[in-house]
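In what follows, a structure is listed as structure tokens, so that the remarks can point back to it.
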Amino acid sequence: MACSDGAKSMSESLLVIDGISRHFGGVTALAEVSFSVAAGEVHALIGPNGAGKTTLIHQISGAQRPDAGRIVFCGEDVTALPMHTRVQRGMARSWQITNVFNRLTLLDNVVLAVKGRQRDWGSGFRFWQPVDDEQALIDEARCWLAEVGLGERERSLAGSLAHGEQRQLEVVLALATKPKLLLLDEPMAGTGPEESERMVALIGKLARHVTILLVEHDMDAVFRLADRLSVLVGGRLVCTGLPDEVRAHPEVRRAYLGEDA
Amino acid sequence: MMAGALYRQSTRRRAAALGVFVLLALLPPVLQAFGQEFYISFAARVLIFALAATSLNFIVGFGGMVAFGHAAFFGAGAYTAAVLMEMGFASAFVAWPAAVTVSALLALGIGFVSLRTRGVYFIMITLAFAQMLYYLAISMKTWGGDDGLSLATRSAFGPLDLKHDPTFYWVALASLGLCLYLLDRITHARFGRVLQAIRENESRMEGLGFPVLGYKLLCFVIGAAIAGLAGALIANHGQLASPNLLQWTQSGTLLVMVIVGGVGTLYGGAVGAVVLLLAEEVLAHYTTHWHAALGLILLLVVFRAPKGIAAWVHGLFGRGEKHE
Amino acid sequence: MTQLFLEQALNGLQFGLMLFLLAAGLTLVFGIMDMINLAHGSLYMVGAYLAAAAAAASGSFVIGVLAAVAGTMAVGALLELAVLRRLYVRDHLSQVLATFALILVANEAVRMIWGDQPVMLNAPEALAGPVDIAGFSYPAFRLLIIAVGVLVALTLYVAVTMTRVGMWVRAGASNREMTEALGINVKRLFTIVFSVGAGLCALAGAMLGPLLAVQVGMGESILILAFVVIVIGGIGSIRGALVGSLLVGVGDTLGRALLPWLLRSFLPGEVAAHLGPALAAILIYVLMAAILFWKPAGLFPARG
């Protein structure tokens, strides 16, 4: 049974971010950010620390509401929709700080992700049948764990995993919902070179099947993976486009390399 | 298949519980044989609180919601039974389902507003709403005000005569047994699994596409509904729907039972109720200031047995158990 | 009519300010340490009892108040160091259980020392009578309460917004980890905050003692109102506590006084007589629910 889903869609904007602004008290975290993510591409979101990247991911995924602006996903305005509805529509995210079910086994973790995919309200609202006879879910969960080489550890508690393995689980959980758009928030945060390499390979493989919006600091990984980039500095979008264009952009160079770049 | 923090009942534990159930059923004739018939009524009261505490444990332990207003649903059930009796509906088959329904609807309303908050806010809001009902009850003179509303007689339960203490005891026991069975099924079914996963990591569940609020609300309502039944039973037991049932100290007592018995275990509420009520009974014999002794014991539990007593017992039965 | 309204408004102001004394300490406990403390009302009770005892022994109300505040501050500090400190790291359920247990112990301790019957605490002789203001008479003692309340509120405001310690407190309420990371000894700060909060409770208890009954369990009913205040005002915010207290104090008092009268003007007597008191009793909670619906984190939440 294949774990990953089918073909890339046509190259039109899967996600449109239009004039998103967000304030926290007196601080402007995001100021009229607008860009779009084309279907089938890997789009990287980069910027210095504190630029607002994770805040933007929160707005897109639905964890927070913007003060102004719209988010259009698959042609539909999803700005007012709660997170779980967006997930049902095909948007999944991973968290910058690992956010898995620490006290559950890896298998349980992924089974939950697979379970969440069943797109009818009644799927979780079953009260009578004991749940252990859901072999199909378990098989699929095993498949996903094998994808990232965690198959052996299926009985371990998620909280007992090494950091790099946890980051992989973090991504797998988002993946197992079979999204159209995957929002990856610094998947390589805190991982060593070997684990980073594995993650890059994984993302590269995923890129064939799913549109990815990738937030990352690891520039090497970013330039290897990204089809296009958007750069956020101090809550503003400074530029968006092909890697070479972005690399040459004066403001980007200033932000990363200082005044005399 | 599911080890870790998802609750799993073993056949051994279920068998033990069934054994206890049978023993409890034999209690009235045993007490009668020893001439201690008075205690049958006390035992029935313990069972009713066991039911109320179990319903709270479903919300707190399985749903992960620290609700401090459970007295609202307990008391609402009692008042519903009393008001219906006053209006001439003496049949248990009308009054008790009505109590369940009223409590459930109340929970729907309170839950809908309260579940938009969490943590300390949620605790305080649920507390405040329950207190609101208390003040409402004592200000309504038609419902007895401060003194509460008495029931002319215990409900009519078909051929069974609830005025006969042992019969009432058995009906209470059956209610507890039935609800425990239902909750056993629910917690092991998909709903219960999803609910516990929400307890483990709510934001992630939201991020996996689950309508978290809906699940929590439903859990809240189910717990309240069972508390409503317990309320109808307690009103019948003392033939009184007292506003004290709605007081926040009542919510606190139920919560204490849950914590002492073991949060998130199926029998934790019942165990806690038995321990607490028995402790009260025993301590009261030794000193009028038994509240202080109880307080000190509770402090001991908090600092020395943080997982409660049922968890300790669980450990006894669960040791060496392989997954099935 | 205006007289009744004015009188009740002043009563509401007075009650609200006393509520503020409780709520201020409590909101900081919740805000800085994320700890739910049910025993806060017990500090209020201890304050009232100490005031009654000291006043009876010395014959002076002022000495009673001072003794109450000092004594309760000491009790508060002791409590914090001995018991509450171990609860910060625990989950809310454990905190509920432990502080609930403290209430039981406190109530029994008071009962053991002073018995079950309410204890007398009299207002000072000089203020026992009414005073003429704006053409109507109002009890002098209640005016004193208002004055004390306003004074304390101002002092707190100045302390919290204009001193360095106050800044640390606000920082701690907004983000404790960050404040610790910046080198502030939050634990010691908190013991002081808690102790001051206990003192404020005692002041409220001593001031309200002559008006309400000084008896076992008096803390619990006012505690719930303090919770409502904090929920409305926002956890960790002194400003929220003040606004919330005034809303609750004035709203509750005016509501109880005016609502039945109001209802009687356009509902049949029977219905109004029953509905009036009932609605007045739950008015505050309805207000709380309404505010929460619109702002789940309260009016001025300290944490973003």
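The values are calculated or read from the model by the stated rules, or taken from the named source; none is laboratory data. This structure is a prediction, so every number in the text was calculated from the model and none was measured. Here the Cβ positions follow ideal geometry from the backbone for every residue, glycine too, while neighbour counts run over all protein chains shown.
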Item checked: Residue in segment C:260-296 that is farthest from C:Val243 (Cα to Cα), counting only those that are more than 7 Å from chain B (Cβ to nearest Cβ) and in a loop (DSSP other than H, G, I, E, B) -> C:Pro268
Check: In segment B:105-123, which residue that is surrounded by 22 or more Cβ atoms within 10 Å (Cβ to Cβ) and of a type in the set (Gly, Ala, Ser) is nearest to C:Met35 (Cα to Cα)?
Finding: B:Ser114
Notebook entry, point to check: Here is a list of conditions, (1) under 22 Å from the mean Cα position of the chain (by Cα); (2) of a type outside the set (Asp, Glu); (3) surrounded by fewer than 22 Cβ atoms within 10 Å (Cβ to Cβ); (4) not in a helix (DSSP H, G or I), and C:Ala74 meets all of them except one; can you say which number that is?
Noted result: (4)
Next item on the list: Please enumerate the residues belonging to segment A:74-91 that are facing another protein chain (nearest Cβ under 9 Å) and not charged (D, E, K, R).
Entry: A:Pro82, A:Met83, A:His84, A:Thr85, A:Val87, A:Gln88
Item checked: Given (1) in contact (Cβ under 8 Å) with a residue 24 or more places away in the chain; (2) part of a loop (DSSP other than H, G, I, E, B); (3) closer than 29 Å to C:Ala123 by Cβ, index of the condition C:Ile235 fails -> (3)
Checklist line | segment C:159-184: number of residues that are farther than 21 Å from C:Val89 by Cβ and of a type in the set (Lys, Arg) | finding: 2
Check: Restricting to segment A:127-149, what's the tally of residues that are within 8 Å of chain B (Cβ to nearest Cβ) and in a helix (DSSP H, G or I)?
Finding: 3
Margin query: What are the pairs with Cβ atoms under 7 angstrom where one residue, in segment B:108-122, is on the phi < 0 side of the Ramachandran plot and the other, located anywhere, is surrounded by 15 or more Cβ atoms within 10 Å (Cβ to Cβ) and acidic (Asp, Glu)? Sequence gap at least six, or different chains.
Written below: B:Val120/C:Asp34
Item checked: Where a residue in segment B:209-226 is facing chain A (nearest Cβ under 7 Å) and in contact (Cβ under 8 Å) with a residue 12 or more places away in the chain and its partner, wherever it lies, is crowded, with 22+ Cβ neighbours inside 10 Å and assigned to a loop (DSSP other than H, G, I, E, B), with Cβ under 9 Å and at least six apart -> B:Phe210/A:Gly124; B:Tyr215/A:Gly124; B:Tyr215/B:Gly63
Next item on the list: Check C:Ala206, C:Ala226 and return the single one that is under 21 Å from C:Leu144 (Cα atoms) and in contact (Cβ under 8 Å) with a residue 24 or more places away in the chain.
Entry: C:Ala206
Next item on the list: Evaluate segment A:109-116: report whether one residue or more is assigned by TED's automatic domain parsing to the domain that holds A:Gly235 and without any contact (Cβ under 8 Å) to a residue 40 or more places away in the chain.
Entry: no
Check: Taking segment A:226-252 on its own, how many of its residues are surrounded by fewer than 19 Cβ atoms within 10 Å (Cβ to Cβ) and farther than 18 Å from A:Leu30 by Cβ?
Finding: 11
Margin query: I need every pair where a residue in segment B:19-39 that is more than 17 Å from B:His164 (Cβ to Cβ) has its Cβ under 7 Å from the Cβ of a residue that is surrounded by 14 or more Cβ atoms within 10 Å (Cβ to Cβ) and modelled with pLDDT of 90 or more, sequence separation at least 6 or different chains.
Written below: B:Phe21/B:Gly177; B:Leu24/B:Leu173
Next item on the list: Could you list all residues from segment A:208-246 that are at pLDDT 90 or above and under 20 Å from A:Ala176 (Cα atoms)?
Entry: A:Val210, A:Thr211, A:Ile212, A:Leu213, A:Leu214, A:Val215
Notebook entry, point to check: What about C:Val69, is it out of contact with any strand residue (DSSP E or B) (no Cβ under 6 Å at 6 or more places or on another chain), in a helix (DSSP H, G or I), within 17 Å of C:Gly209 (Cα to Cα) and within 12 Å of chain B (Cβ to nearest Cβ)?
Noted result: no
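Can you tell me which residues in segment A:150-192 are assigned to a loop (DSSP other than H, G, I, E, B) and without any contact (Cβ under 8 Å) to a residue 12 or more places away in the chain?
Once the filter is applied, which keeps residues that are assigned to a loop (DSSP other than H, G, I, E, B) and without any contact (Cβ under 8 Å) to a residue 12 or more places away in the chain, segment A:150-192 yields only A:Ala162.
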Check: Are any residues in segment B:122-132 over 15 Å from C:Ser221 (Cβ atoms), of a type outside the set (S, T, N, Q) and more than 7 Å from chain C (Cβ to nearest Cβ), and if so, which ones?
Finding: B:Phe122
Notebook entry, point to check: Does C:Ala257 count as at pLDDT below 85, farther than 30 Å from C:Gly166 by Cα, among the aliphatic types (A, V, I, L, M) and surrounded by 19 or more Cβ atoms within 10 Å (Cβ to Cβ)?
Noted result: no
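A:Leu56 - would you say it is buried (at least 17 other Cβ atoms within 10 Å of the Cβ), more than 9 Å from every other protein chain (Cβ to nearest Cβ) and either in contact with a Cys (Cβ under 8 Å, 6 or more places away or on another chain) or outside any helix (DSSP H, G or I) (or both)?
For A:Leu56, the condition - buried (at least 17 other Cβ atoms within 10 Å of the Cβ), more than 9 Å from every other protein chain (Cβ to nearest Cβ) and either in contact with a Cys (Cβ under 8 Å, 6 or more places away or on another chain) or outside any helix (DSSP H, G or I) (or both) - is not met.
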Next item on the list: Would you check if there is a residue in segment C:55-68 being modelled with pLDDT of 85 or more, among the β-branched types (Val, Ile, Thr), buried (at least 19 other Cβ atoms within 10 Å of the Cβ) and within 20 Å of the chain's Cα centre (by Cα)?
Entry: yes
Note to self: Taking the conditions exactly as written (in contact (Cβ under 8 Å) with a residue 40 or more places away in the chain and assigned to a helix (DSSP H, G or I)), does C:Ala101 satisfy them or not?
What the structure shows: no
Notebook entry, point to check: Taking segment B:165-185 as the search range and keeping residues that are at the interface with chain A (Cβ under 10 Å from one of its Cβ atoms) and of a type in the set (D, E, K, R), which one is surrounded by the most Cβ atoms within 10 Å (Cβ to Cβ)?
Noted result: B:Asp184
Notebook entry, point to check: Of A:Gly40, A:Gly69, A:Gly19, which residue is surrounded by fewer than 17 Cβ atoms within 10 Å (Cβ to Cβ), away from chain B (no Cβ under 14 Å) and among the small types (Gly, Ala, Ser)?
Noted result: A:Gly19
Item checked: All helices (runs of 4 or more DSSP H) inside segment B:1-66 with 3 or more residues being surrounded by 19 or more Cβ atoms within 10 Å (Cβ to Cβ) and hydrophobic (A, V, I, L, M, F, W, C) -> B:38-57
Margin query: I'd like to check something: does segment B:186-196 contain any residue that is at positive phi and either touching a residue at least 12 places away in the same chain (Cβ under 8 Å) or surrounded by 19 or more Cβ atoms within 10 Å (Cβ to Cβ) (or both)?
Written below: no
Next item on the list: For segment B:1-50, name all the residues that are away from every other protein chain (no Cβ under 14 Å), more than 22 Å from the chain's Cα centre (by Cα) and of a type in the set (Ser, Thr, Tyr).
Entry: none
